[in-house]
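Working notes, structure below.
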Amino acid sequence: QVQLVESGGGLVQAGGSLRLSCAASGRTFSDYHMSWFRQAPGKEREFVAAIRSSGRSTLYADSVKGRFTISRDNAKNTVYLEMDSLHAEDTAVFYCAAVWYGNGWPPVRYNYWGRGTQVTVSS
């Protein structure tokens, strides 16, 4: 089992920045591709960004490309999401997810999910 705990959410003004963290435990972190998803009120959960287990490849949703940066520190078992130039439309609960690297890249299905952290952007 992999346990994932997100942190770093909060209230920020439009145009501001936040950095989310997701701490993993339970298995070898570097064996897992990691992703961030978000779910806004009344909407389905959507993909935000993914990073390969090695950290050498990343993917982004078009809506966040150029504003968000995903990174990881395998020594700290943590994946990050740096969010800049935030818009009111970025308001959502952000979740991190993990999938074993053997399932291929880019990841399609995820084995483990965190409980989420709320990000609220005021306009």
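The values are calculated or read from the model by the stated rules, or taken from the named source; none is laboratory data. Bear in mind that the values here come from a model prediction, so they are computed numbers and not experimental data. Neighbour counts run over all protein chains shown; Cβ positions are idealised from the backbone, glycine included. In case anyone asks, the SASA skips ligands and DNA or RNA and just uses the protein heavy atoms, side chains included. Shrake-Rupley method; radii C 1.70, N 1.55, O 1.52, S 1.80 Å.
Among the protein heavy atoms of the chain, carbon and sulfur supply 44% of the accessible surface, probe 1.4 Å, non-protein parts ignored. The packing ranking, built from the mean of other Cβ atoms within 10 Å per residue, places the peptides 6-15, 111-120, 33-42 in the order 33-42, 111-120, 6-15, highest first. Computed from backbone phi, the HN-Hα couplings of the stretch 92-99 come to 5, 8, 9, 10, 9, 9, 10, 9 Hz, rounded to whole numbers (Karplus: 6.51 cos²θ - 1.76 cosθ + 1.60, θ = phi - 60°; Gly and Pro given as x).
For the chain, the solvent-accessible area with a 1.4 angstrom probe is 53 square angstrom per residue.
Counting charges near R115 (Lys, Arg +1; Asp, Glu -1) among other residues having Cβ under 14 Å from its Cβ returns a value of +1. Which FRET efficiency value, to the nearest 0.05, is calculated for L11 and R67 with the Förster distance at 22 angstrom and r the Cβ-Cβ distance? Here the calculated transfer efficiency is 0.75. Available extension along the chain between T120 and Q1 is 39.8 nm, counting 0.36 nm per residue and deducting the alpha carbon span.
When you count, for each residue, the other Cβ atoms within 10 Å and take the mean per peptide, how do 63-70, 101-108, 45-52, 90-97 rank with the highest first? Let's see the in-between values first.
On the way: 63-70: 16.2, 101-108: 13.5, 45-52: 19.5, 90-97: 22.5.
Ranked by mean Cβ neighbours within 10 Å, highest first: 90-97, 45-52, 63-70, 101-108.
Model label sites at S54 and D31, defined 7 Å from Cα along the beta-carbon direction, differ in position by 1.8 nm. Using θ = phi - 60° in the Karplus curve 6.51 cos²θ - 1.76 cosθ + 1.60, the 3J(HN,Hα) couplings for the stretch 48-57 round to 10, 7, 9, 9, 5, 4, 7, x, 8, 9 Hz; x is entered for Gly and Pro.
Summing +1 for each Lys or Arg and -1 for each Asp or Glu, what net charge is found among the other residues whose Cβ lies under 13 Å from the Cβ of G9? Mind showing how you got there, number by number?
On the way: positive: R19, R38, R115; negative: E6, D90.
After counting each charged neighbour, the total is +1.
Computed over every Cα-Cα pair of the chain and binned at 5 Å starting from 0, the pair-distance distribution P(r) comes out as 2, 12, 24, 26, 19, 10, 5, 1, 0 percent.
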